[in-house]
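J.: Take a look at this one; I'll ask things after.
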Amino acid sequence: MNYETIADIYEANDKIRTNFINLVSELTEEQENLLSENGKWTLGAVIEHVAKVEGGMIQICERLLSKAEAEGKTSDGSASLSKAFIEGIIKARTENQKFEAPEIVHPEGGKPISETLKVLEQTRAKLNEMRPMFESIEGTSHTFPHPAFGNLSAHDWLALIGGHEVRHMAQIERILGNNDG
């Protein structure tokens, strides 16, 4: 997770999204209804959760960048992730931490994956529209709290979009692997 520029984060997020879509776009209805390890959500619900979270993260980034823009803070397109964020991600990965999603990003359930994939397209289009904002406005001066990682900047939140998808791709692969007959 060594990003020097906003373009690096966008490139990484795009690769992750391609892998995510390749993994979930061909799931059968039976697979879509498989339960997660804790038995709370179906695979379809996990995918819906990913879409809801991305939408929320984009809103947070927009607010943080708008504050910096209002203060006239500019950027040359460099990226800077906070030490606390990087340490939190490393700890989450090495300790395989489990997180409880806040109620606001719980899936409604019952949505077909095809519908959720359209939402993911829309959120990614919105994120891509924001790229010039990320590249021209200083994105580390304001923060918003994450339930597990503490106060994160817009750059941290942008990187977390991909990290969140990676985490749930691994979960989906485990569930599919556990149900291979």
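The values are calculated or read from the model by the stated rules, or taken from the named source; none is laboratory data. Note that the structure is a prediction, hence the values are computed from the model and not measured. Note that we place each Cβ from the backbone using ideal geometry, even for glycine, and neighbour counts take in every protein chain shown. With ligands, DNA and RNA removed, areas are computed over all heavy atoms of the protein, side chains included. Shrake-Rupley method; radii C 1.70, N 1.55, O 1.52, S 1.80 Å.
A quick yes/no check of all residues on (1) open to solvent by 20 Å² or more (accessible area, probe 1.4 Å); (2) charged (D, E, K, R); (3) assigned to a helix (DSSP H, G or I); (4) at pLDDT 95 or above:
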residue	(1), (2), (3), (4)
110	yes, no, no, no
114	yes, no, yes, no
118	yes, yes, yes, yes
121	yes, yes, yes, yes
144	yes, no, no, yes
158	no, no, yes, yes
165	no, yes, yes, yes
171	yes, no, yes, no
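J.: Hey, does segment 148-160 have a residue that's in contact (Cβ under 8 Å) with a residue 24 or more places away in the chain, touching a Gly at 6+ places or on another chain (Cβ under 6 Å) and farther than 17 Å from residue 65 by Cα?
T.: yes
J.: Oh, and also: Working carefully through the options 124, 174, 93, find the one that is more than 15 Å from residue 53 (Cβ to Cβ) and in contact (Cβ under 8 Å) with a residue 12 or more places away in the chain. First the steps, then the outcome.
T.: Numbers: 124 fails: more than 15 Å from residue 53 (Cβ to Cβ); 93 fails: in contact (Cβ under 8 Å) with a residue 12 or more places away in the chain.
On inspection, the qualifying residue turns out to be 174.
J.: Working only within segment 26-73, note down all residues that are in contact with a Phe, Trp or Tyr (Cβ under 8 Å, 6 or more places away or on another chain) and among the basic types (Lys, Arg).
T.: Filtering segment 26-73 for residues in contact with a Phe, Trp or Tyr (Cβ under 8 Å, 6 or more places away or on another chain) gives 35, 49-50, 57, 60-61, 63-65.
Once the filter is applied, which keeps residues that are in contact with a Phe, Trp or Tyr (Cβ under 8 Å, 6 or more places away or on another chain) and among the basic types (Lys, Arg), segment 26-73 yields only 63.
J.: Moving on to the next point. Have a look at 167, 174 and point out the one that is over 13 Å from the mean Cα position of the chain (by Cα) and closer than 21 Å to residue 25 by Cα.
T.: After applying the criteria, what remains is 174.
J.: When segment 1-42 is examined, which residues are found to be over 21 Å from residue 88 (Cβ atoms), assigned to a helix (DSSP H, G or I) and either of a type in the set (Phe, Trp, Tyr) or in contact with a strand residue (DSSP E or B) (Cβ under 8 Å, 6 or more places away or on another chain) (or both)? Step through it out loud before you land on a result.
T.: Filtering segment 1-42 for residues over 21 Å from residue 88 (Cβ atoms) gives 5, 7, 10-11, 14-15, 17-42.
With the extra rule that they be assigned to a helix (DSSP H, G or I), the set shrinks to 7, 10-11, 14-15, 17-24, 29-32.
If the condition is that a residue be over 21 Å from residue 88 (Cβ atoms), assigned to a helix (DSSP H, G or I) and either of a type in the set (Phe, Trp, Tyr) or in contact with a strand residue (DSSP E or B) (Cβ under 8 Å, 6 or more places away or on another chain) (or both), then 10, 20, 32 are the ones that fit.
J.: Out of curiosity, is residue 51 at pLDDT 95 or above, touching a His at 6+ places or on another chain (Cβ under 7 Å) and of a type outside the set (S, T, N, Q)? Outline the logic, then answer.
T.: On the way: at pLDDT 95 or above: yes; touching a His at 6+ places or on another chain (Cβ under 7 Å): no; of a type outside the set (S, T, N, Q): yes.
When the stated conditions are applied, residue 51 does not pass them.
J.: Right, something else. For residues that are of a type in the set (Gly, Ala, Ser) and touching a residue at least 60 places away in the same chain (Cβ under 8 Å), scanning just segment 70-80, find the one that is surrounded by the most Cβ atoms within 10 Å (Cβ to Cβ).
T.: In this case the residue turns out to be 79.
J.: Might you let me know whether segment 53-65 holds any residue that is touching a helix residue (DSSP H, G or I) at 6+ places or on another chain (Cβ under 9 Å), of a type in the set (D, E, K, R) and closer than 25 Å to residue 23 by Cβ?
T.: Within segment 53-65, one or more residues are touching a helix residue (DSSP H, G or I) at 6+ places or on another chain (Cβ under 9 Å), of a type in the set (D, E, K, R) and closer than 25 Å to residue 23 by Cβ.
J.: From the list 98, 67, 83, which residue is in contact with a His (Cβ under 8 Å, 6 or more places away or on another chain), open to solvent by 60 Å² or more (accessible area, probe 1.4 Å) and either of a type outside the set (A, V, I, L, M, F, W, C) or touching a residue at least 40 places away in the same chain (Cβ under 8 Å) (or both)? Spell out how you get there, then give the answer.
T.: Values: 98 fails: in contact with a His (Cβ under 8 Å, 6 or more places away or on another chain); 83 fails: in contact with a His (Cβ under 8 Å, 6 or more places away or on another chain).
It is 67.
J.: Is one or more of the residues making up segment 74-84 modelled with pLDDT under 95 and outside any loop (DSSP other than H, G, I, E, B)?
T.: For segment 74-84, residues modelled with pLDDT under 95 and outside any loop (DSSP other than H, G, I, E, B): present.
J.: I would also like to ask the following. List pairs: first residue in segment 5-34 and open to solvent by less than 50 Å² (accessible area, probe 1.4 Å), second residue among the basic types (Lys, Arg) anywhere in the structure, Cβ distance under 9 angstrom, at least six positions apart or on different chains.
T.: Every condition considered, the pairs that remain are 6/131; 7/131; 10/131; 13/124; 17/124.
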